[in-house]
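Presented below is the structure to which this report refers.
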Amino acid sequence: MNITINGTELQAAEGATILEAAREMGIEIPTMCHMRGRDPLGACRVCVVEVEGAKTLMAACATPVAEGMKVKTASRRVRAARRTVVELALSEHIGECQSCDRSLDCELREIAFQFGIEHVSWSGERPEPVRDFSTPALIRDTGKCIKCRRCVAVCSDTQQVSALFPQGRGYATVVGPAFTMDLADVACVQCGQCAAVCPVGAISERSHTEGVWKALEDPQQHVVVQTAPAIR
């Protein structure tokens, strides 16, 4: 496939997406929902690009290349759209960045920094957050969730457990166990893959550090260290 990205002609493999072709060329297109090796989700819309002849901006992660396609990845229209999408995500995101375990590795925070977003233009009502502490391995906080659906993809496709689903529509969308149940009440095996792929810490590994310290400091307890399956 002969295509043009930002004025440079290149050949892309048939069936490749615009995102894949751009990355092969060394052009980085930001995205929050895309995971390498997974079917495209097109959920976050951060990766939108301008395709000549298209009526709307296209999600690069989900749009296959076509012969003669001409793409702009950083036009004024594209930059404005991406910034709006990120600001909308931030407007609902209860980050708690000072105490969040992903504060130094948060993809939303990194993308906001790249776009030079210093404050959110919109403020108003936020969905009531749900904090799920029902399992010994994971903590789920819907207030941080940006509905990217990465956790849904890895739970369904990789682990084949399907304990997480997007429910509702628009502003009322919630990503979590069916019927808004707790993780402990569904088929969750606590593998932690959802926490590993979450870009913002909406699902995180539960820390037992204080319990370990307490056990180590108790002279009446004999503490044994053992490796076990965990997020790596």
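Annotations for the structure displayed:
- Scoring Ala202 on the criteria (1) modelled with pLDDT of 90 or more; (2) in contact with a Pro (Cβ under 7 Å, 6 or more places away or on another chain); (3) open to solvent by less than 60 Å² (accessible area, probe 1.4 Å) leaves a single failure, condition (2).
- Residues satisfying the stated conditions in the stretch 44-73, i.e. free of Cβ contacts under 8 Å to residues at least 40 places away in the same chain, over 15 Å from Thr17 (Cα atoms) and open to solvent by less than 40 Å² (accessible area, probe 1.4 Å): Ala54
- Candidates Ser91, Ser99, filtered to the one that is of a type in the set (Gly, Ala, Ser), in a helix (DSSP H, G or I) and closer than 20 Å to Asp141 by Cβ: Ser91
- In the stretch 145-173, the residues that are in a loop (DSSP other than H, G, I, E, B), touching a residue at least 12 places away in the same chain (Cβ under 8 Å) and open to solvent by 20 Å² or more (accessible area, probe 1.4 Å): Cys145, Ile146, Lys147, Arg149, Gln159, Val161, Ser162
- When residues of the stretch 127-144 are limited to those that are in a loop (DSSP other than H, G, I, E, B) and closer than 24 Å to Leu88 by Cβ, the one most open to solvent (accessible area, probe 1.4 Å): Glu128
- Hits in the stretch 74-110 - residues which are in contact with a strand residue (DSSP E or B) (Cβ under 7 Å, 6 or more places away or on another chain) and open to solvent by 50 Å² or more (accessible area, probe 1.4 Å): Arg77, Asp101
- Residues in the stretch 1-29 that are surrounded by fewer than 18 Cβ atoms within 10 Å (Cβ to Cβ), within 26 Å of Cys194 (Cα to Cα) and either in contact (Cβ under 8 Å) with a residue 60 or more places away in the chain or of a type outside the set (Asp, Glu) (or both): 1 in all.
- Remark: Trp213 matches the filter, which requires a residue to be assigned to a helix (DSSP H, G or I), open to solvent by 40 Å² or more (accessible area, probe 1.4 Å) and over 24 Å from Asp39 (Cα atoms).
- Residue in the stretch 154-171 that is at pLDDT 90 or above and in contact with a His (Cβ under 8 Å, 6 or more places away or on another chain) present: no
- Any hit, the stretch 2-14, residues being touching a Cys at 6+ places or on another chain (Cβ under 7 Å) and either at pLDDT 90 or above or among the basic types (Lys, Arg) (or both): no
- Any hit, the stretch 185-201, residues being more than 22 Å from Met32 (Cβ to Cβ) and not in a loop (DSSP other than H, G, I, E, B): yes
- Residues (open to solvent by 50 Å² or more (accessible area, probe 1.4 Å), in a helix (DSSP H, G or I) and either among the hydrophobic types (A, V, I, L, M, F, W, C) or modelled with pLDDT of 95 or more (or both)) located in the stretch 174-184: Phe179, Ala184
- Leu41, sole failed condition from (1) on the phi > 0 side of the Ramachandran plot; (2) surrounded by 18 or more Cβ atoms within 10 Å (Cβ to Cβ): (1)
- Verdict on Ser121 being open to solvent by less than 80 Å² (accessible area, probe 1.4 Å), out of contact with any Gly (no Cβ under 6 Å at 6 or more places or on another chain) and more than 30 Å from Ala12 (Cβ to Cβ): yes
- Test result for Lys144, farther than 21 Å from Gly42 by Cα and not hydrophobic (A, V, I, L, M, F, W, C): no
The values are calculated or read from the model by the stated rules, or taken from the named source; none is laboratory data. Model, not experiment: these values are computed from the prediction. Methodologically, a virtual Cβ is constructed for each residue, glycine included, from the backbone with ideal geometry; neighbour enumeration extends over all protein chains shown. Please note that ligands, DNA and RNA were not included when accessible areas were found on the heavy atoms of the full protein model with its side chains. Shrake-Rupley method; radii C 1.70, N 1.55, O 1.52, S 1.80 Å.
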